[in-house]
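First the structure, in the form of structure tokens, and then the observations on it.
Just so it is clear, none of the values below were taken in a lab; they were calculated from the coordinates. Treat the numbers as computed from the prediction; the structure is a model and nothing was measured. Don't worry about glycine lacking a Cβ; one is built from the backbone with ideal geometry, like all the others, and counts go over all protein chains shown.
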Amino acid sequence: MVRTERSDRWLECTTRFIPAHYQPASLIDLALGRGVNAHRLLQGTGLFHEDILTGNRLISPQQFLRMIENLQQQLQADDTSFLLGQQWLPGHYGAASHALSHAADLQDALERLVRLQPLLWPLLRLRLRVDERYIWLDWGDSFGADDQSIFLVEASMAAVTGMSQWLSGQRLPWTFHLAHAQPRHIEQYWVHLGEELRFASPLNQMCLPRSCLHHLWASASVTAGQVAEQEGLKMLMALPATCSLLDGLHDHLVAQVRQPLRLEGVAETFGMSPATLKRKLQKHGTGFQQQLDHARARVAMELYQSRGYSSDEVADYLNFNDRANFRRSLRRWTGLLPSELGNWLARY
Amino acid sequence: MTSMLAMHRFKLTGLLMTANTGLLLHLLAGEIKPVADWDWLDIAGEGGSALLLLTWLGLLLKSRPAGYVTNLLFMGLACLFFSLFMDTVDEFVALPDAVTWDGWLESGPMPIGFILMTLGIFHWHQEQLAINEQMRNRERVFREHRQFDKLTPLGDANYLRAQLQLTLADAAAQQQPVSLIMLDMNAFSRVNREYGYAEGDRLLQVLTQLMLLNLRTHDLLCRLAGDRFVIILPHTGERQAQILAEELEQAVRSLAYKSRAQGERLELSASVVALMARDEDPATLLERMNITMARAKQNLTVRYG
């Protein structure tokens, strides 16, 4: 999607734009239901339970992430992320949730999820790619989730799996790629996601045969869904900005990936000084090189998976003249050497 | 936890007052020794033991509901504490030779305490047997509270793996078959979604009870994750396991569960598969079981879940 307002303002980890009675509220409900003390849960967030009950409090991604961190500490259960994820979509977030519930088919639902993402799934950016055979979903870290990233990825995958199952009325044959190593609590993945799991993958991705995209969903009301989407877009426009700084940077880096990219030039495009951009990235717990690596990893994976490129072709596309350098870089981006990645792809 | 202690407040007050009376008696009758006469080794030994006994008392009262066994154990420990406490006080206070009751205060409660403790521990053992009967089908051979799922409460996936390891080794040694049943509710996430987590949690607890009622003495029920349960059936072949699996499936289907808020009946069904263990490790066995479950779910007519 083209974002026209790019030079203006960005959502940052301190921007208060998440209604506390939306996604954070179901987290609080789950925690209180499982006997976590409300005070402990909100410790360090500067929030009080009473504030959230008023129904007009906006919180920042940083506060939300802190809440998740507290929950992880207070509730030592492996299924928390999955249970929350299942509850988070389509959710009860006004028009945006209606738009999702009344999607005509999976493609419709996923596209709406991408368009209305800051309202529906504020912490991670969902990216959708459809090629000739498969649809691919992956997630970008919008605000520097850091230690909570595995929790959020588990929750996101459970959310999309749960939502597609709920609206289509059947289990869809998703395949799950997870960047982390196989955890001890693999049974949670079996029960809440499915059997097709691949750990230690280059990216966090979900994949589904394209044929599943257009099965019509019985419960959908197409007109109501379209109206709700329009309303949702208006809600989106009412936010301080519609895209996070990290997501905006990622899009820019992906679009310019074949050009030489340096912090100075990119900062200029974003209308800020290199020092400011650097400081803002630091605030999100990341740096320019890390973001650049991530963008390149994503482009490389798209070329491998959707266009069937060989390693040489990918290296050429990304303007690597030196093969050894490309091997090292790919290793840094994805954790795998070209040959290992080739095996990984072939095992499909 | 504080409420557990509150239940015992009369006992604690009684002990405190008795100890205090002993102290006062000593102070009234005798005089405080000069510091040079203090025997530090005795003070550390006797005082330290008294303090430890007080800690035991606290832990005992904190972890046990009131009752016959608790009273016995409490009285026993209280006597031991009192006797050691008097010993300690004796180190600080010199009594005139005419006083003879101090020997009684120091040595009298000790044997009584030991007798009461012995009685208490014997009855505790009886009580534990009764509790074990309640824990039947939930645990075997070893207890590991950190591996117990707080909700149901059943052993979790880690407990299951450890138990499988044991059972498979036993079975291989005795050349006996072991079978497993896996039960997964159909459309369970719908309950969480439509009725909330609290209802989902309650349903899981009810299902646990239901399954426990349908098991044999040596079967072990564990909660793998979410709404998926695994039952270990020692000395059981595949055919027998199939029969048990079908019985469980029927039990779930005929359970007339009512929601807490509206009292409406929830139509429940479960997918149940049974397998016999081959020569394999727990992880492989669980994985094989899981794939069998996935196939069973694919063939469902109500495929949501």
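By the Cα gyration tensor, chain B has an equivalent ellipsoid whose semi-axes, rounded to whole angstrom, run 58, 22, 15 from largest to smallest. DSSP beta bridges fully contained in the protein assembly as shown are about 90 percent antiparallel.
So if I place +1 on the C-beta of Lys and Arg and -1 on the C-beta of Asp and Glu, and nothing else carries charge, what would the dipole magnitude of chain A be about its Cα centre? I want it in debye, nearest 20. Let's see the in-between values first.
Details: 34 positive and 35 negative charges, 127 e Å.
Dipole about the Cα centre, nearest 20: 620 debye.
Past the 17 angstrom mark, what percentage of all C-alpha to C-alpha distances in the range A:114-166 do you count? Of all Cα-Cα pairs in the range A:114-166, 38 percent lie more than 17 Å apart. Taking trypsin sites (Lys or Arg not before Pro) across the range A:93-148, the ones in a DSSP loop with at most 15 further Cβ atoms lying within 10 angstrom of their Cβ are A:ARG133.
GNM remark for chain B: springs join alpha carbons under 10 Å apart, and the peak mean-square fluctuation among B:LEU52, B:LEU204, B:LEU164 falls on B:LEU52. The angle between the Cα long axis of helix B:109-134 and the main principal axis of chain B comes to about 10°, on a 0 to 90 degree scale. Counting Cβ atoms of other protein chains within 10 Å of each residue's Cβ and taking the mean over peptide B:23-31 gives 0.
Calculated mean residue ellipticity, 222 nm, chain A: -15500 deg cm²/dmol, from DSSP H runs (n ≥ 4) at -39500 (n - 2.57) each, averaged per residue and rounded to 500. The residues neighbouring B:THR217, those whose beta-carbon lies less than 14 Å from its own, together hold a net charge of +1 under the Lys/Arg +1, Asp/Glu -1 convention. Here r is the Cβ-Cβ distance between B:LYS258 and B:ALA198 and R0 is 22 Å; the resulting FRET efficiency, rounded to 0.05, is 0.95. Projecting the Cα positions of A:LEU277, A:ALA255, A:SER306 onto the charge dipole of the range A:245-346 (unit charges on Cβ atoms of Lys, Arg, Asp and Glu, taken about the Cα centre) puts A:LEU277 furthest along the positive direction. What is the range A:81-237 by shape, rounded, prolate or oblate, if you read a ≥ b ≥ c off the alpha carbon gyration tensor as root eigenvalues and call it rounded for a/c under 1.5, prolate for a/b larger than b/c, and oblate otherwise? In terms of gyration-tensor shape, prolate. Across all C-alpha atoms in the range A:245-346, the radius of gyration and Dmax reach 14.5, 44 Å. Could you compute the net charge surrounding A:LEU292? Neighbours are other residues with a C-beta less than 14 Å from the C-beta of A:LEU292; K and R count +1, D and E count -1. My count for the surroundings of A:LEU292 gives +3.
Each Lys and Arg contributes +1 and each Asp and Glu -1, all at the Cβ; summed about the Cα centre of chain B, the dipole is approximately 1960 debye.
Taking every residue in B:187-193 and counting other chain Cβ atoms within 10 Å of its Cβ, the average works out to 4.
Highest mean packing comes first when the peptides A:58-68, B:86-96 are listed by Cβ atoms within 10 Å, giving A:58-68, B:86-96. In summary, the lysines within cross-link reach of B:LYS11, defined as a Cα separation below 28 angstrom excluding same-chain residues under 8 places away, comprise B:LYS62.
Antiparallel DSSP bridges in chain A: what percent, to the nearest 5? Rounded to the nearest five, the antiparallel share is 85 percent. Across the options B:LEU25, A:LEU128, B:THR152, the greatest Cα extent toward the positive end of the charge dipole of the protein assembly as shown (unit charges at beta carbon of Lys, Arg, Asp, Glu) belongs to A:LEU128. Of all lysines in the structure, those lying under 24 Å Cα to Cα from B:LYS258, and not within fewer than 8 positions of it along the same chain, are B:LYS150.
Magnitude of the charge dipole for the range A:245-346, about its Cα centre and with charges confined to Cβ atoms of Lys, Arg (+1) and Asp, Glu (-1), is about 380 debye. For the protein assembly as shown, the normalised intensity computed at q = 0.05, 0.06, 0.09, 0.12 Å⁻¹ comes to -0.35, -0.49, -0.89, -1.27 (log10 of I(q)/I(0), Debye sum over alpha carbons, equal scatterers, no solvent). Near A:SER244, the amide H atoms lying under 5 Å from its own belong to A:LEU11; only residues 5 or more places off or on other chains count, and H is placed 1.01 Å from N. Loop-located trypsin sites (Lys or Arg not before Pro) in the range B:50-153 (DSSP state other than H, G, I, E, B) with a sparse environment of at most 14 neighbouring Cβ atoms within 10 Å: B:ARG143, B:LYS150. Sequentially through the range A:51-64, phi angles give Karplus couplings (6.51, -1.76, 1.60; θ = phi - 60°) of 4, 5, 5, 5, x, 10, 8, 9, 10, 8, x, 4, 5, 5 Hz, Gly and Pro residues having no value and appearing as x.
The Cβ shell under 9 Å around A:LEU128 holds other residues with a net charge of 0, Lys and Arg each +1, Asp and Glu each -1. Normalising the Debye intensity of the range B:1-92 to I(0), with uniform scatterers on Cα atoms only, and taking log10 at q = 0.19 Å⁻¹ returns -0.88. Under the combined filter of DSSP loop state and at most 14 neighbouring Cβ atoms within 10 Å, the range A:68-132 retains these GluC sites (Glu not before Pro): A:GLU132. With the convex hull of its Cα atoms as the shape, the range A:13-76 has an orientation-averaged projected area of 3.7 nm².
Working from Cα pairs under 8 Å separated by at least six residues, relative contact order for chain A is 18 percent.
Is there a simple number for the mean count of other chain Cβ atoms within 10 Å of the Cβ of residues in A:171-183, and what is it?
That average works out to 1.
Scalar couplings 3J(HN,Hα) for the range A:263-276, obtained by applying the Karplus form with A = 6.51, B = -1.76, C = 1.60 to θ = phi - 60°, are 3, 4, x, 5, 4, 5, 4, 8, x, 9, 6, x, 5, 5 Hz; x denotes Gly and Pro. For chain A, what does the alpha-carbon gyration tensor say about shape, rounded, prolate or oblate, given a ≥ b ≥ c as the root eigenvalues, a/c under 1.5 as rounded, and a/b over b/c as prolate? The shape class here is rounded. Relative to the longest principal axis of the Cα atoms of chain B, helix B:48-63 runs at roughly 40 degrees.
Using θ = phi - 60° in the Karplus curve 6.51 cos²θ - 1.76 cosθ + 1.60, the 3J(HN,Hα) couplings for the range A:197-203 round to 10, 10, 8, 6, 8, x, 9 Hz; x is entered for Gly and Pro. For the protein assembly as shown, build the charge dipole from Cβ charges (+1 Lys, Arg; -1 Asp, Glu) around the Cα centre, then report which of B:VAL272, A:LEU75, A:LEU245 sits farthest towards its positive end. The listed residue farthest towards the positive side: A:LEU245.
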